[in-house]
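Visitor: Dropping a structure here in structure tokens format, bear with me for questions.
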Amino acid sequence: MTARLVVLISGNGSNLQAILDACASGELDATVVSVISNKADAYGLIRAKNAGVESIHFPKLENESRQQYDSRLANYVTTKQSDYIILAGWMKILSSFFLSSFPNRVINLHPALPDTFPGTHAIERAYEAWQCGQIKHTGVMVHLVPDEGVDNGPVLATELVPIFADDTLESLETRVHQTEHSLLTNTLKTILSAKNTELH
Ligand code: GAR
């Protein structure tokens, strides 16, 4: 059964693009039913439009509490009847007012290994830690989002990303993003095929 995915983004959307490409090529037995951004100028919204996918700017309204925003977002996402909600560069913490509607169905991607560099600028902070001799490599993870813990939750997949002596921040960023694109799509593929096997 073709899975329905909602993808939440805040920016460039290169990981969204990896998902869209994998759906289009048939590598992923899935369809992206909506792309939602909290930022109006997120380039990922254009990527969605180009792929013929619904793209929604969903900002927090003035005078709206976080709880009200999360509930409104959950209500909207519910109408999409999605199997999974993918946080692909969604830079806003979701509270239980959102998460409780989708137990075990919200999946986050983070450009660091479990328990390292949660939050924003993870690659930059890993690069600085490497320069200080504190780490020898970094990585990427895909995990479930059970609660408000930042970039934390049951791990679905990780991949180590080496840091080389001649790396610049830019070259490391490129390697991390390439790793993300394949890890995210491969992890989704594994999850979706496991789900299909369960259904048979
Ligand atoms: C990705 O590196 C993703 O892992 C990161 O934002 C970037 C979005 O890139 N997410 C986080 O840092 C979550 N804490 P993209 O918009 O090109 O997919």
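Here, each number is a calculation from the coordinates, and none is a lab measurement. The structure displayed is predicted, hence computed values, not measured ones. We place every Cβ from the backbone using ideal geometry, glycine too, and count neighbours over all the protein chains shown.
Visitor: Working from Cα positions, state the angle (0 to 90°, nearest 10) between the long axis of helix 169-199 and the longest principal axis of the chain.
Guide: With both axes taken from Cα atoms, the answer is about 40 degrees.
Visitor: OK, next. Using Cβ contacts closer than 10 Å as the measure, can you line up 71, 96 from fewest to most? Working shown, then result.
Guide: Numbers: 71 17, 96 13.
Ranked by crowding around the Cβ, least crowded first: 96, 71.
Visitor: In this model, which of 80/195; 136/195; 60/80; 49/92; 49/189; 80/189 are farther than 29 Å apart at the alpha-carbon? It would help to have the intermediate numbers written out before the result.
Guide: On the way: 80/195 19 Å; 136/195 36 Å; 60/80 20 Å; 49/92 22 Å; 49/189 23 Å; 80/189 20 Å.
Flagged as over cut-off: 136/195.
Visitor: Here is a further query. Quick check on the chain: helices-only [θ] at 222 nm, where DSSP H runs of length 4 and up contribute -39,500 (n - 2.57) each and the sum goes over total residues. Nearest 500, please.
Guide: On the way: 6 runs with 79 residues, N = 200.
The helix-only estimate for the chain comes to -12500 deg cm²/dmol at 222 nm.
Visitor: I need to check one value: relative contact order of segment 47-130, counting alpha carbon pairs closer than 8 Å and at least 6 residues apart, in percent. Write out the running numbers ahead of the final one.
Guide: Details: 51 pairs, mean separation 18.5, N = 84.
Normalised by residue count, the contact order of segment 47-130 is 22 percent.
Visitor: Pull up all non-local amide H partners of residue 139: gap of 5 or more, or a different chain, and H-to-H distance under 5 Å with H placed in the peptide plane.
Guide: Amide H neighbours of residue 139, under 5 Å, 5+ apart: 113, 161.
Visitor: Quick one: helix 122-131 against the long Cα principal axis of the chain, what's the angle to the nearest 10°, folded into 0 to 90?
Guide: Helix 122-131 sits roughly 10 degrees off the main axis of the chain.
Visitor: Restricting to the chain, compute how many DSSP beta bridges are antiparallel as a %, nearest 5. Can you show the working numbers first?
Guide: Working: 11 of 28 bridges.
That works out to approximately 40 percent antiparallel.
Visitor: Continuing with the same structure: In whole Å, how far is the Cα centre of segment 164-190 from that of segment 129-145?
Guide: 12
Visitor: Something else about it: Compute the acute angle (0 to 90°) between the alpha-carbon long axis of helix 66-79 and the principal axis of greatest extent of the alpha-carbon atoms of the chain; round to the nearest 10°.
Guide: Value to nearest ten degrees: 60.
Visitor: Got a sec? Charge dipole of segment 66-200, +1 on Cβ for Lys and Arg, -1 for Asp and Glu; which of 100, 163, 187 is way out at the positive end?
Guide: Checked the options; the winner is 100.
Visitor: Taking the Cα centre of segment 44-126 as the origin and placing charges on Cβ (Lys, Arg +1; Asp, Glu -1), which of 112, 48, 87 is farthest toward the positive end of the dipole?
Guide: Sorting the options by dipole projection puts first 48.
Visitor: Considering only DSSP states other than H, G, I, E and B, which GluC sites (Glu not before Pro) in segment 143-200 qualify as loop sites with at most 15 other Cβ atoms within 10 Å? Mind showing how you got there, number by number?
Guide: Details: sites: 148, 159, 170, 173, 180, 198; in loops: 148.
Within segment 143-200, the qualifying GluC sites (Glu not before Pro) (loop, at most 15 other Cβ atoms within 10 Å) are 148.
Visitor: Another question, if that's okay. So how strong a dipole does segment 16-138 carry about its Cα centre when Lys and Arg Cβ are +1 and Asp and Glu Cβ are -1, to the nearest 20 debye?
Guide: Details: 11 positive and 12 negative charges, 41 e Å.
The calculated dipole for segment 16-138 is roughly 200 debye.
Visitor: Please tell me the relative contact order of segment 71-200 in percent, rounded to the nearest whole number, where contacts are Cα pairs under 8 Å and at least six residues apart.
Guide: Details: 185 pairs, mean separation 28.1, N = 130.
Here the relative contact order equals 22 percent.
Visitor: Over 28 Å apart: what share of the alpha carbon pairs of the chain falls there, rounded to a whole percent? Before the final figure, lay out the partial values.
Guide: On the way: 5049 of 19900 pairs.
Looking at the chain, the distances longer than 28 Å represent 25 percent of pairs.
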